Amino acid sequence: MAVADQPKNWLVVGLGNPGPEYERTRHNAGFMLTERLAERFGGQIKRQECRSLVGRITIGSTPVELVKPQTYMNLSGEAVACLLSKDEREESGLVVITDDLALPLGRIRLRPKGSHGGHNGLRSIADCLRTQDFIRLRIGIKPEHPIADTKNFVLQRFAKAEEELLERALSDAENAIEDLIYDGIEKAMSRWNADPAAKAEPEKEV
């Protein structure tokens with residue numbers, strides 16, 4: 001059963017860049033997750049509103065709108081602010097999904113608020129809403145090797161060697177969104193923010 005004081009409506013915004021040249025690039029992890037949520041819960045993200053593609057799903061009995069801004073990453077806040085200006089939507093129900101270059105590939109992290117951390121999409125949303133107090137779910141894309149050109153790196157597609165960790169992160173992120181809506185931010189964070197390696201059982205001595 002959902003937590004009593006949860007928002008009645010959720011707006012789950014996946015950040016990314018529109019166009020086939022950006023599909024499955026690291027910077028489009030937010031788009032990838034919203035598409036997976038739509039498929040899992042039987043929705044389609046295709047209605048045009050506020051320079052965005054929007055779809056509606058239901059998680060449990062809770063209505064959730066999935067959003068893919070079409071403004072390009074640096075202007076994401078304009079689309080989000082327009083959507084939130086509509087009466088039926090609550091800022092407390094906003095969740096922003098983004099890639100995170102500081103978080104290792106395969107990891108996810110939920111936070112109820114925080115700084116933009118240098119991410120231009122989060123920066124745009126914080127500037128347009130004039131607050132950083134919105135839930136964000138970060139999907140790690142940091143590789144093990146050093147990055148010479150971060151701008152070029154985030155606009156590249158995931159390598160084949162990264163697919164297994166990416167799949168795990170996206171699967172965890174799907175479940176984290178579901179837990180967030182059912183159980184609230186605190187319980188969802190406690191379940192999904194830990195390092196998966198830390199959860200593993202220690203090897204037994206033989």
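Brief remarks follow.
- Test: residue in the stretch 151-159 that is under 24 Å from Ser52 (Cα atoms), free of Cβ contacts under 8 Å to residues at least 40 places away in the same chain and of a type outside the set (Val, Ile, Thr): yes
- Only residues that are surrounded by fewer than 22 Cβ atoms within 10 Å (Cβ to Cβ), within 18 Å of Ile135 (Cα to Cα) and either of a type in the set (Lys, Arg) or touching a residue at least 40 places away in the same chain (Cβ under 8 Å) (or both) were counted in the stretch 106-123, giving 6.
- The single condition among (1) in a helix (DSSP H, G or I); (2) over 13 Å from the mean Cα position of the chain (by Cα); (3) over 18 Å from Trp10 (Cα atoms) that Gly121 does not satisfy is (2).
Conditions tested, residue by residue: (1) farther than 27 Å from Glu167 by Cβ; (2) in contact with a strand residue (DSSP E or B) (Cβ under 9 Å, 6 or more places away or on another chain); (3) of a type in the set (Phe, Trp, Tyr).
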{"position": "Glu88", "(1), (2), (3)": "yes, no, no"}
{"position": "Glu91", "(1), (2), (3)": "yes, yes, no"}
{"position": "Ile108", "(1), (2), (3)": "no, yes, no"}
{"position": "Ser115", "(1), (2), (3)": "yes, no, no"}
{"position": "Ser124", "(1), (2), (3)": "yes, no, no"}
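- Residue in the stretch 147-160 that is within 26 Å of Leu83 (Cβ to Cβ), polar (S, T, N, Q) and either outside any helix (DSSP H, G or I) or modelled with pLDDT under 95 (or both) present: no
- Condition met for Asp127 (surrounded by 16 or more Cβ atoms within 10 Å (Cβ to Cβ) and acidic (Asp, Glu)): no
- Selection within the stretch 72-105 - of a type in the set (Ser, Thr, Tyr) and buried (at least 20 other Cβ atoms within 10 Å of the Cβ): Ser76, Thr98
- Residue check for Gly77: under 19 Å from Ala176 (Cβ atoms) and of a type in the set (Gly, Ala, Ser): no
- Every listed requirement among (1) out of contact with any Gly (no Cβ under 7 Å at 6 or more places or on another chain); (2) surrounded by fewer than 20 Cβ atoms within 10 Å (Cβ to Cβ); (3) more than 18 Å from Phe158 (Cβ to Cβ) is met by Gly19 save one, (3).
- Entry remark, the stretch 1-60: residues being small (Gly, Ala, Ser), over 22 Å from Leu105 (Cβ atoms) and outside any helix (DSSP H, G or I) number 8 in total.
The values are calculated or read from the model by the stated rules, or taken from the named source; none is laboratory data. The shown structure was predicted, so the numbers you read here are calculated from the model rather than taken from an experiment. Here Cβ is always computed from backbone atoms with ideal geometry, including for glycine, and neighbour counts include all displayed protein chains.
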